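Shown next, in structure tokens, is the structure this report addresses.
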Amino acid sequence: MAMVNPRRSFLKSTASLALLLVACGGSAKLDPLDANDVVLAFGDSLTFGTGARPEESYPAVLQRNIGRKVVNAGVPGEASAEGLARLPEVLDEVRPKLLILCHGGNDFLRRLDESKAAENVRAMVRLARGQGIAVVLLATPKPGLPPHVPKFYGEIAAGERIPFEEGVIKAVLTDNSLKSDMVHPNATGYAQIAAALQKMLKKAGAI
């Protein structure tokens, strides 16, 4: 009979618990945002607000909801490698206190290497944190029947101990009443994303 390594079992259980806690918004905390602090929403068309008017994008709605400036730095069609290349310049220009990162969707749609997408998202998180910028990770589902959120988002959030919103974009994109097309929310869908982020920021202590 194979012997069980108690240390390995403990480490595995601890890692699983950390992943669960972060996925549920557990112990990952943020410093409070001052009234003049800037939030950077960085990503692709889901951040840009494709399918709705500019004032209906989730960054615009979130700005009104939390009373802090939220800069929309979404670029439709951008894959994670392109986002990683663009992020340093945007951070230098905006100088945010908090980064909301939503990337990977175009990698999935183009059937690019998921492990590379994970590397790029992790690198973006570490780039921002290396500059003292807090990060919130917003997961994008991978197309399928049904769509599912790749595990790497939760693993990155757990490893970096950052707040993680796993379910809201998946919930929006699986509800036809909340979509403008097959892959983009409508105004109501974006409002739901903003509400979920507001709830997470409040739970994490940022607002």
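Report yes if some residue within the range 158-180 is under 14 Å from the mean Cα position of the chain (by Cα), β-branched (Val, Ile, Thr) and assigned to a helix (DSSP H, G or I); otherwise report no. Yes - at least one qualifying residue is present in the range 158-180. Residue count for the range 89-112 satisfying the condition of being free of Cβ contacts under 8 Å to residues at least 12 places away in the same chain and outside any helix (DSSP H, G or I): 1. Could you pull out the residue among 200, 124 that is under 26 Å from residue 37 (Cα atoms), touching a residue at least 40 places away in the same chain (Cβ under 8 Å) and crowded, with 23+ Cβ neighbours inside 10 Å? Answer to the check: 124.
Among residues of the range 52-73 being assigned to a loop (DSSP other than H, G, I, E, B) and either among the charged types (D, E, K, R) or out of contact with any Phe, Trp or Tyr (no Cβ under 8 Å at 6 or more places or on another chain) (or both), the one that is surrounded by the most Cβ atoms within 10 Å (Cβ to Cβ) is 68. Of the residues making up the range 175-188, those that are in contact (Cβ under 8 Å) with a residue 60 or more places away in the chain and either under 21 Å from residue 30 (Cβ atoms) or not basic (Lys, Arg) (or both) are 180, 181, 183, 184, 185, 186, 187.
For the range 113-128, the criterion of a residue being in a loop (DSSP other than H, G, I, E, B) and at pLDDT 95 or above is satisfied by at least one position. Restricting 156, 169, 100, 162 to those that are in contact with a Lys or Arg (Cβ under 7 Å, 6 or more places away or on another chain) and either of a type in the set (Val, Ile, Thr) or at pLDDT 95 or above (or both) reduces the list to 156.
Going through the range 20-45 one residue at a time, which ones are at pLDDT below 95 and in contact with a strand residue (DSSP E or B) (Cβ under 8 Å, 6 or more places away or on another chain)? Listed by number, the residues that qualify are 22, 23, 25, 28.
Among residues of the range 131-157 that are basic (Lys, Arg), those with a beta-carbon under 9 Å from a residue that is assigned to a loop (DSSP other than H, G, I, E, B) at least six positions away or on a different chain give the pairs 142/104; 142/149; 142/150.
The values are calculated or read from the model by the stated rules, or taken from the named source; none is laboratory data. Note that the structure is a prediction, hence the values are computed from the model and not measured. Note: ideal-geometry Cβ built from the backbone for every residue, glycine included; neighbour counts use all protein chains shown.
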